[in-house]
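Structure record follows, encoded as structure tokens.
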Amino acid sequence: MIRPRLIAPAVGATAVLCAAVLAGALFASNAASPAAWADGTPAKAILSSHVLQKNVLVGHEIAVRGSLAPTLGGEVVRLQQRRAGGWTDLAHSRSDPNGHFVIYAWPRRIGAFAVRVVVSGMPAGLDAASASAKVNVYHKVIASWYGPGGRTACGEELTPATLGVANKTLPCGTFVTLRYGHRTLRVRVIDRGPFVPGRDYDLTYATKLALGFVGVAPVWATR
């Protein structure tokens, strides 16, 4: 669940749209519109949004910036999260006179979340939506590493190239996204452990190398 905050429209070219759980790059959606550019050339309305954080700890702010072009001020812009049965509104604001908008929200649970930005209430049903995107929301866990050699409790051969983690309770095959420093890796649960008190995950040797992990240390995990 995301906790939203509604704020006044931002002003100026540096205004940003900040939103919970968007992923990665620039997303754009076109809708036919009677609007025109400054020189009078007819143009389509373009909604664009850019994620400022792809990965965030639970309870921390996630931000996205965006704009409407041609300059469309005063439009209602909504952040939505995909859930079972469709899209659900999380937060909303309005675009400023320059077409920029800003929203903040904070994820309350861990996992990978698909979201999008929607502008609605435009004339003649010219609503637009950005492409859906994903953000990973983590909590901190303690990890160590082990192997290679032998077979895992989930029935896999543990070679120097085997990616995966051991966990005491998650079912075999469960996907977990890990983040250590600036590296992110999605792997499966392939073994049981660790059995040292206070540790949550054992990383295989290949996972350790891929993340640049050393020793026993905190990592971020989506499960």
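The values are calculated or read from the model by the stated rules, or taken from the named source; none is laboratory data. Note that the structure is predicted; figures quoted are calculated from it, not measured. Methodologically, a virtual Cβ is constructed for each residue, glycine included, from the backbone with ideal geometry; neighbour enumeration extends over all protein chains shown.
Things to note:
- Hits in the range 63-105 (condition: of a type in the set (S, T, N, Q) and under 16 Å from Ser132 (Cβ atoms)): Gln80, Gln81, Thr88
- Residue within the range 205-218 that is under 25 Å from Arg108 (Cα atoms) and among the β-branched types (Val, Ile, Thr) present: no
- Residue in the range 199-214 that is modelled with pLDDT of 95 or more, of a type in the set (Gly, Ala, Ser) and in contact with a Leu (Cβ under 6 Å, 6 or more places away or on another chain) present: yes
- Restricting attention to the range 95-106, the residues that are modelled with pLDDT under 85 and not aromatic (Phe, Trp, Tyr) add up to 3.
- Unmet requirement for Gly193, which otherwise passes all of (1) under 22 Å from Thr159 (Cβ atoms); (2) within 25 Å of the chain's Cα centre (by Cα): (2)
- Candidates are the residues of the range 48-101 that are over 16 Å from Arg116 (Cβ atoms) and assigned to a strand (DSSP E or B); the one that is farthest from the chain's Cα centre (by Cα) is Ala69.
- Residue count, the range 111-132 (criterion: at pLDDT 80 or above, closer than 28 Å to Arg186 by Cα and crowded, with 18+ Cβ neighbours inside 10 Å): 4
- Of all residues making up the range 152-182, the number that are touching a helix residue (DSSP H, G or I) at 6+ places or on another chain (Cβ under 6 Å), under 21 Å from Val56 (Cβ atoms) and of a type in the set (Gly, Ala, Ser): 0
- Every pair of residues 6+ apart whose Cβ atoms lie under 8 Å, when the first sits in the range 58-77 and is among the basic types (Lys, Arg) while the second is buried (at least 16 other Cβ atoms within 10 Å of the Cβ): Arg65/Ala15; Arg65/Val16; Arg65/Leu17; Arg65/Cys18; Arg65/Ser49; Arg65/His50; Arg65/His100; Arg65/Val102
- Set Leu185, Leu158: member being out of contact with any Pro (no Cβ under 6 Å at 6 or more places or on another chain) and touching a residue at least 24 places away in the same chain (Cβ under 8 Å): Leu185
- The condition (being of a type in the set (Gly, Ala, Ser), under 30 Å from Gln81 (Cα atoms) and in contact with a Phe, Trp or Tyr (Cβ under 9 Å, 6 or more places away or on another chain)) is satisfied by just one residue among Gly164, Gly212, Gly181: Gly181.
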